[in-house]
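Engineer: I'd like to ask some things about the structure below.
All of the numbers you see were taken from the coordinates with simple rules; none came from a lab. Just so it is clear, the model here is predicted, and its values are computed rather than measured. Here the Cβ is made from the backbone with ideal geometry for all residues, glycine too, and neighbour counts use every protein chain on show.
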Ligand code: SF4
């Protein structure tokens, strides 16, 4: 891998996942968010790194909707559509969301991410959901979006509602290449939308949301990383570089830029960080479980705390710590433990 002239913070140091690197242009942002936010980030590092169990998850991922108008070539959703396994369109009712937030607010939930299998800006209650989380005391409220529907009114409403992190997926500084990767998107519209969101924030003198561009690094675009930094460094607060992952080997193309191999001794940090909530209140072991393979229970009859401390989560954590991650069916087919082969 060529050395970047820009200082990258390895997620191996920050979040114990070697698949991501972050480049923060605004390096004081977390500190500027205040002592409570810093304490949350400290806990995030501590519990993740030590694989230490906290009484309640630090983070919840909500699958608000699986609707998306794009067909990004490398996205698991696109692969599901191609394989005919995409579920019918759904949206999460507000009450399901509120029930999870209410429990989380009582029991020490720090963060929520408002997307999983679709485009969150297509959920009709999105702004209300951000407001509800903020008014409930959730410290970190984030979402990942294609940016296509992030027009000025939406950017303003999300900022006013208290969104803390706005993460926009953007994978090439070249218009033709971007639109070939993000099939159905518009380069010009997304660039304009990101610039508008950054301007609104600047004009308001607000430190939130932290605006980050996420780039998925693949064989076909990795050479564009430095040009991406040049394109965005004076516009947004930071960038994330995520190594492409062929989730569950659904993608028939080989997009990895390194040779990878499954690490049998991999201990994933996620079971010590987070749970996921499906649109109908299902509580999932892992937010990357796109096929809803391991659903621990439902909010209608099980609390998040019960799921978090229950038998299945306990056994899965024990298996992972014992170097037996392959015995967890979902993890054995997951590509997160796929690591670059040394020397490659
Ligand atoms: S399915 Fe993958 S990401 Fe999820 S806990 Fe298992 S190894 Fe980690």
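Engineer: Among 181, 319, rank each residue by its count of other Cβ atoms within 10 Å, from fewest to most, as a rough exposure measure. Each step should come with its number before you reach the end.
Structural biologist: Working: 181 22, 319 17.
In increasing order of surrounding Cβ atoms, one gets 319, 181.
Engineer: Please list 198-206, 288-296 highest first by mean number of surrounding beta-carbon atoms within 10 Å per residue.
Structural biologist: Details: 198-206: 12.9, 288-296: 17.8.
Top to bottom by mean Cβ count within 10 Å: 288-296, 198-206.
Engineer: In addition: Normalised by the number of residues in region 130-236, what is the relative contact order in percent for Cα pairs under 8 Å and 6+ residues apart? Working shown, then result.
Structural biologist: Details: 133 pairs, mean separation 33.7, N = 107.
RCO, region 130-236: 32 percent.
Engineer: Return the calculated 222 nm mean residue ellipticity for the chain, to the nearest 500 deg cm²/dmol, obtained by summing -39500 (n - 2.57) across DSSP H runs with n ≥ 4 and dividing by the residue count. Could you put the intermediate results ahead of the total?
Structural biologist: Details: 13 runs with 121 residues, N = 344.
Mean residue ellipticity, 222 nm, calculated: -10000 deg cm²/dmol.
Engineer: Sticking with this structure for a sec: Take residue 81 and residue 156, extend 7 Å from each Cα along the Cα→Cβ direction, and tell me the distance between the two endpoints in nm.
Structural biologist: That separation, rounded to one decimal, is 3.2 nm.
Engineer: A follow-up question, please. Normalising by the residue count of region 176-279, find the relative contact order in percent from Cα pairs under 8 Å and 6+ residues apart. Could you put the intermediate results ahead of the total?
Structural biologist: On the way: 59 pairs, mean separation 24.5, N = 104.
Once normalised by length, the contact order is 24 percent.
Engineer: So, one more: How high is the relative contact order of the chain? Use alpha-carbon pairs under 8 Å, at least six apart in sequence, and give a whole percent.
Structural biologist: Values: 595 pairs, mean separation 71.7, N = 344.
Once normalised by length, the contact order is 21 percent.
Engineer: Need one number for region 71-121: average projected area of the convex hull over its C-alpha atoms, nm². Present the calculation step by step, with values, prior to reporting the outcome.
Structural biologist: On the way: hull surface 19.0 nm².
Over all viewing directions, region 71-121 projects a mean Cα-hull area of 4.8 nm².
Engineer: Still on this structure, please answer the following. Given the C-alpha atoms of region 87-230, compute the convex hull and give its volume per residue in Å³. All intermediate terms of the calculation are to be shown ahead of the outcome.
Structural biologist: Working: hull volume 19.0 nm³, N = 144.
Hull volume normalised by residue count: 132 Å³.
Engineer: Can you tell me how region 192-310 classifies by the Cα gyration tensor, rounded, prolate or oblate, using a/c under 1.5 as the rounded cut? Intermediate results must be reported in sequence, preceding the final value.
Structural biologist: Numbers: a/c = 2.63, a/b = 1.31, b/c = 2.00.
In terms of gyration-tensor shape, oblate.
Engineer: Starting from the Cα coordinates of region 74-167, work out the convex hull volume and express it per residue in Å³. Spell out each step's value before the answer.
Structural biologist: Numbers: hull volume 10.0 nm³, N = 94.
In region 74-167, the Cα hull volume divided by residue count equals 107 Å³.
Engineer: Sort 188-195, 35-42, 83-90, 132-139 by the packing proxy (mean of other Cβ within 10 Å over each peptide's residues), most packed first. Show your work: numbers first, answer last.
Structural biologist: Details: 188-195: 17.0, 35-42: 13.6, 83-90: 11.0, 132-139: 18.5.
Averaged packing, sorted descending, gives the order 132-139, 188-195, 35-42, 83-90.
Engineer: Rank by packing, highest mean first: peptides 274-286, 48-60, with packing defined as the count of other Cβ atoms within 10 Å averaged across residues.
Structural biologist: On the way: 274-286: 22.5, 48-60: 17.2.
Ranking the peptides 274-286, 48-60 by packing returns 274-286, 48-60.
Engineer: Return an integer: the convex hull volume of the alpha-carbon atoms of region 34-76, in Å³ per residue. The partial results should precede the final answer.
Structural biologist: Values: hull volume 6.9 nm³, N = 43.
In region 34-76, the Cα convex hull volume per residue is 159 Å³.
Engineer: In terms of the Cα gyration tensor, with a ≥ b ≥ c the square roots of its eigenvalues, is the chain rounded because a/c is under 1.5, prolate because a/b exceeds b/c, or oblate? Present the calculation step by step, with values, prior to reporting the outcome.
Structural biologist: On the way: a/c = 1.32, a/b = 1.09, b/c = 1.20.
Rounded shape, in that the Cα axes give a/c under 1.5.
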